[in-house]
Amino acid sequence: MTPHHLPFYFAKPGETDVLMIVMGIFLIVAILGVGNLYLHLHSLPERMAHKSQKLQFEIVAVLGLLALFTHIHLFWIAALLLALVDLPDFGTPMRSIADSVGKIADSTAGAGQAETSGEEEAATASGGSEPDVVPSIPKKEVRGHA
């Protein structure tokens, strides 16, 4: 009842089904290829932010991991936008300002101590009755911006 000539994709009884093995290998390669493409696309914001500042790179990496594990795509979009934007460097100028203000504060404190010790020596040399009393230095007048 069966025809004598069967198409090639029918396996004869007792023989190996070659088409099923080829399709199984193709399926495994296709799944690995799509997974590799997905992970490569998923790490795109991190690779873009790798050239930027360390803080920006870390924020983008955390957003990428959150998007990967929670499946909330908004995190990935936020990471991509943050990687595209070049954040200005506020740390270096602020550090420079803080260092300069610290140097100014140290120099004015040193000058104030030098004036105080000079007055103490003058009072001690003149034979003042109370060498322990330090004359007060008049405060400089503070001018407002208004």
Report task. Scan segment 62-75 for residues that are under 27 Å from residue 91 (Cβ atoms) and of a type in the set (Phe, Trp, Tyr) and jot them down. Result -> 75
Query raised in the report: Taking interchain pairs and intrachain pairs at least six residues apart, which have beta carbon atoms under 6 angstrom, with the first residue in segment 38-64 and more than 16 Å from residue 75 (Cα to Cα) and the second outside any helix (DSSP H, G or I) and of a type in the set (Phe, Trp, Tyr)?
Result: none
Report task. Go through segment 80-96 residue by residue and tally those that are over 17 Å from residue 51 (Cβ atoms) and assigned to a helix (DSSP H, G or I). Result -> 6
Query raised in the report: Within the set of pairs 6+ apart or on separate chains, which have a first residue in segment 9-24 that is in a loop (DSSP other than H, G, I, E, B), a second that is among the hydrophobic types (A, V, I, L, M, F, W, C), and C-beta atoms under 7 Å apart?
Result: 9/19; 17/11
Query raised in the report: Could you count how many residues in segment 23-61 are closer than 18 Å to residue 88 by Cα and of a type in the set (A, V, I, L, M, F, W, C)?
Result: 6
Query raised in the report: Do we find that residue 75 is touching a His at 6+ places or on another chain (Cβ under 7 Å), at pLDDT 60 or above and in a helix (DSSP H, G or I) in this structure?
Result: no
Requested in this report: Would you check which residues across segment 39-94 are surrounded by 13 or more Cβ atoms within 10 Å (Cβ to Cβ) and among the small types (Gly, Ala, Ser) and list them?
Outcome: 43, 49, 52, 61, 64, 67, 78, 79, 83
**Report entry** Breaking point among (1) in a helix (DSSP H, G or I); (2) under 16 Å from residue 86 (Cβ atoms); (3) among the hydroxyl-bearing types (Ser, Thr, Tyr), for residue 52
**Finding:** (1)
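The values are calculated or read from the model by the stated rules, or taken from the named source; none is laboratory data. A quick note: this is a predicted structure, and the numbers were derived from the prediction, not measured. Neighbour counts are summed over all protein chains in view; Cβ atoms, including those assigned to glycine, are modelled from backbone coordinates with ideal geometry.
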